[in-house]
Amino acid sequence: YKRQDMERTSRRIAQGSLSLRLDTPVTDDEIGHLALSFNQMVAQLEAAFKNQKQFVADVSHELRTPLTALSGSLEMLLIGADRGDIEASRSLERNMYAEVQRMHRLVEDLLALTRLDEGKMVLREDTINVRTVIDKVYDQAQQLAHGQEILKEIAQDTPLVRADSDRLQQVLLNVVENALKFTSTDGRVELMVYKEGQTAAIIEVRDTGKGIPPEALPYVFDRFYRADPARSRLPQSVSGNRLGLAIAKELIEAQGGSISISSTPGKGTTVTIRLRSIAATPAPQNI
């Protein structure tokens, strides 16, 4: 294997041809080991760039829908399509506000993922009553619902937990929004809280939606994963982004808890969050 060939291939890789690889010598020597290590490094770089390109494409896709909706609503207002009808104008304004809120949540989710990836997310853990968080999420869910019934049930003996109240609320709102996304307008979403043994508080978000295919369950916590766009029972304009479950998993695990999901196609989905009670929670730490 000629050194000139290795140098030429290396230059082409440095110029962006990440699919190229060095031909590894047959001999088991330092040059062979170097070529093998170099190829492994390039393979990792290629995968990283591919993931980055896909991530940018996914974010662009998520932003395109609310921007299109905003543009359409503004155009209708500018051309006077409401014809002076105050209620029609307010309807357009409400739709625009909803789209702005949707983009705001997407940006917040992206920032949260960035901080988690960089290890710069600071959790402000404190002793909290889960009921307080559930009550807030319940009120927000009423605003997000599009006809679905929202229910809550909190057991009286639910223990206090040590968690970041704001982050837990963010997680639950993401999970509820995802549940609403895949539940028909005549369906139901339930928030259930109860005690598990002496060590944990359980939060369940149950929906009566279309469910998730068994083959898709292992991937639902992946970023931007969508098993089948046709599963959504709501228009894309009111669907949530595909970061909710990914963020939920990372934030719950960062607080020493766990999150899992079960689903029966045609009947619904249940997301289960386990948080350690005060007696079982070690001293808090920042990540």
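Here residue 116 clears all of (1) in contact with a Phe, Trp or Tyr (Cβ under 9 Å, 6 or more places away or on another chain); (2) in a helix (DSSP H, G or I) except the condition numbered (1). If the condition is being out of contact with any Lys or Arg (no Cβ under 8 Å at 6 or more places or on another chain) and in contact (Cβ under 8 Å) with a residue 40 or more places away in the chain, then region 151-160 contributes 152, 153, 160.
Here residue 91 clears all of (1) surrounded by 13 or more Cβ atoms within 10 Å (Cβ to Cβ); (2) in contact (Cβ under 8 Å) with a residue 12 or more places away in the chain except the condition numbered (2).
Can you pull out the residues in region 103-137 that are of a type outside the set (Val, Ile, Thr), open to solvent by less than 70 Å² (accessible area, probe 1.4 Å) and either within 12 Å of the chain's Cα centre (by Cα) or at pLDDT 80 or above (or both)? Of everything in region 103-137, those that are of a type outside the set (Val, Ile, Thr), open to solvent by less than 70 Å² (accessible area, probe 1.4 Å) and either within 12 Å of the chain's Cα centre (by Cα) or at pLDDT 80 or above (or both) turn out to be 103, 105, 106, 109, 110, 112, 113, 123, 125, 135. Go through the residues of region 171-184 one by one and say whether even a single one is open to solvent by 30 Å² or more (accessible area, probe 1.4 Å) and within 18 Å of residue 127 (Cα to Cα). Within region 171-184, not a single residue is open to solvent by 30 Å² or more (accessible area, probe 1.4 Å) and within 18 Å of residue 127 (Cα to Cα). Restricting attention to region 138-147, the residues that are small (Gly, Ala, Ser) and either in contact with a Cys (Cβ under 6 Å, 6 or more places away or on another chain) or open to solvent by 30 Å² or more (accessible area, probe 1.4 Å) (or both) add up to 1. Scan region 20-50 for residues that are part of a loop (DSSP other than H, G, I, E, B), over 16 Å from residue 3 (Cβ atoms) and either at pLDDT below 80 or open to solvent by 90 Å² or more (accessible area, probe 1.4 Å) (or both) and jot them down. Within region 20-50, 28 is the sole residue that qualifies. Candidates 150, 203: the one that is farther than 15 Å from residue 273 by Cβ, open to solvent by less than 20 Å² (accessible area, probe 1.4 Å) and modelled with pLDDT of 90 or more is 150. A single entry from 71, 60 fulfils the requirement of being without any contact (Cβ under 8 Å) to a residue 12 or more places away in the chain, assigned to a helix (DSSP H, G or I) and over 21 Å from residue 108 (Cβ atoms): 71. Restricting 160, 78 to those that are among the aliphatic types (A, V, I, L, M), touching a strand residue (DSSP E or B) at 6+ places or on another chain (Cβ under 9 Å) and open to solvent by 30 Å² or more (accessible area, probe 1.4 Å) reduces the list to 160. Taking (1) out of contact with any Leu (no Cβ under 9 Å at 6 or more places or on another chain); (2) surrounded by 11 or more Cβ atoms within 10 Å (Cβ to Cβ); (3) assigned to a loop (DSSP other than H, G, I, E, B) in turn, residue 83 satisfies each apart from (2).
The values are calculated or read from the model by the stated rules, or taken from the named source; none is laboratory data. Worth saying up front: this structure is predicted, and the values here are computed from it rather than measured. In this analysis, Cβ positions are derived from the backbone assuming ideal geometry, glycine residues included, and neighbour counts consider all displayed protein chains. We work out accessible area using only protein heavy atoms, side chains counted, and drop any ligands, DNA or RNA first. Shrake-Rupley method; radii C 1.70, N 1.55, O 1.52, S 1.80 Å.
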